[in-house]
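Written out below as structure tokens is the structure these notes cover.
Just so it is clear, none of the values below were taken in a lab; they were calculated from the coordinates. Note that the structure is predicted; figures quoted are calculated from it, not measured. Don't worry about glycine lacking a Cβ; one is built from the backbone with ideal geometry, like all the others, and counts go over all protein chains shown.
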Amino acid sequence: MAEHDQQKAKARGRAEAIFTASEQRDAAVHEQIRKERAAADAKTARLKALRLAKEAAEKAAGESGQAEDGTKPAASKRGRARKPGMKRVFV
């Protein structure tokens, strides 16, 4: 009976070790995901600030009639032009 208890204890120890290692891997993966999300959020915020600054500069240049370097302000964004005779296809 004592031998059976020892085998049971060894099996439990191995299972706990495997579970602990799995928990540590999961924690490391979650931390990596958190870091990647934070980096992506920071990048998005930086790009948004740049875009807003650019739009404000273009608006100010547009209000004055021409940009500071004497050129016309950039045209607004439009969809891709189709070739004459081509129809729009929705899929």
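Just add up the charged neighbours of ALA40: K/R +1, D/E -1, any other residue whose Cβ is under 12 Å from the Cβ of ALA40. Once all neighbours under 12 Å are counted, the net charge is +3.
Phi angles of segment 18-25 translate, via the Karplus equation with coefficients 6.51, -1.76, 1.60 and θ = phi - 60°, into HN-Hα couplings of 5, 5, 4, 5, 5, 4, 5, 4 Hz per residue; Gly and Pro are given as x.
Counting only residues at least eight positions apart within a chain, or on another chain, the lysines with an alpha carbon under 28 Å from that of LYS83 are LYS72.
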